[in-house]
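The next block holds one structure in the form of structure tokens; read it before the comments.
The values are calculated or read from the model by the stated rules, or taken from the named source; none is laboratory data. Computed from a predicted model, the values in this text were never measured in an experiment. Positions of Cβ are generated from backbone atoms using ideal geometry, with glycine treated the same way; all protein chains shown enter the neighbour counts.
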Amino acid sequence: MKTKKAKSRTIRGAAVLVWPVAVFLLLGAGWPTQAVKAADKNTTVVSPAAAPAQDADGDGLTDVEETNIYKTDPNKPDTDGDGFRDGDEIKNGFSPRHAGQVRLADVDSDKDYLNDAWEIAAGTDLLNPDTDGDKYLDGTEIAAGYDPRNPQPVKKQKRIEVSLAKQRLTYYFGDAVFGSFPISSGVRTMPTPKGDFSVLAKVPVKTYGGRGYNFYFPNTKWNLQFATAKQGRVYIHGAYWHNKFGQPMSHGCVNVAYANMEDLYWWAQVGTPVHVE
């Protein structure tokens, strides 16, 4: 039996102590695997990674994916009974466990403050709020930048990448894409600055324009300041006054649809790297 020492971690400014817990390692067999040659010619070992992909219900998801990732029924092609195959729902961003064409991003099956789309991207358990068993909710760990699959206090880098050529923003947690969507950057006469930046401040609600400007957009939600230019502070922010994402529209900021900005604002931290090219 191995025992881990107590550790402390700061989540949102508060130091929390995790008491020692016993770790038991259970080694077993029985996986559907492919035999490989062992050092002893009379012995064979098995490799779980070589397991054949099976799709018993023909829904476009392997049985292993249904059981371990999506938590759907491997013997039922339409787990939620809404008339759509489980694989088709996953492919189009919908939950195969909730009838009525509910988006994965709008569901939090295990109530850990991490939506199902992010759980799948991060490789956490849809039905276990504490995947690594370290007494912290998966969503709390990701909000603070910690790996929710590692019981040790290991951080994973967050980063935001903005492509001006493609008019697209993509953000990552480690190597996992947590979101990617069209944006509107600055117009030619007021371009969005290029380079490497970081989130400098998070402002829940802000007014843009007003006296001295030819525009006025009050109560703009979810603003991430990442630079300061000659025209003032530059933000990635929600935009409710147009729906022309995918083409330059702003006075230098990065406009994002409200439907995408709320999650990005929650996920981002002060200090999160921002790359604009």
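The table that follows gives values for the structure above.
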{"read-out": "Only listed residue being among the basic types (Lys, Arg), at pLDDT 95 or above and under 28 Å from residue 244 (Cβ atoms), chosen from 166, 111, 135, 156", "value": "166"}
{"read-out": "Residues being crowded, with 18+ Cβ neighbours inside 10 Å and aromatic (Phe, Trp, Tyr) - total across region 217-252", "value": "4"}
{"read-out": "Conditions (1) assigned to a loop (DSSP other than H, G, I, E, B); (2) of a type in the set (Phe, Trp, Tyr); (3) touching a residue at least 40 places away in the same chain (Cβ under 8 Å): number failed by residue 113", "value": "(3)"}
{"read-out": "Output for region 142-186, where each listed residue is out of contact with any strand residue (DSSP E or B) (no Cβ under 8 Å at 6 or more places or on another chain) and either hydroxyl-bearing (Ser, Thr, Tyr) or buried (at least 21 other Cβ atoms within 10 Å of the Cβ) (or both)", "value": "148"}
{"read-out": "Checking residue 154 against (1) without any contact (Cβ under 8 Å) to a residue 40 or more places away in the chain; (2) under 28 Å from residue 229 (Cβ atoms), the condition it does not meet", "value": "(2)"}
{"read-out": "Checklist (1) among the small types (Gly, Ala, Ser); (2) part of a loop (DSSP other than H, G, I, E, B); (3) buried (at least 19 other Cβ atoms within 10 Å of the Cβ) applied to residue 133, failing item", "value": "(3)"}
{"read-out": "Only listed residue being of a type outside the set (S, T, N, Q) and more than 30 Å from residue 103 (Cα to Cα), chosen from 240, 216", "value": "216"}
{"read-out": "Output for region 187-216, where each listed residue is within 24 Å of residue 272 (Cβ to Cβ), surrounded by 15 or more Cβ atoms within 10 Å (Cβ to Cβ) and not small (Gly, Ala, Ser)", "value": "191, 192, 193, 197, 199, 200, 202, 203, 206, 208"}
{"read-out": "Lone unmet requirement of (1) over 18 Å from residue 277 (Cβ atoms); (2) assigned to a loop (DSSP other than H, G, I, E, B) for residue 118", "value": "(2)"}
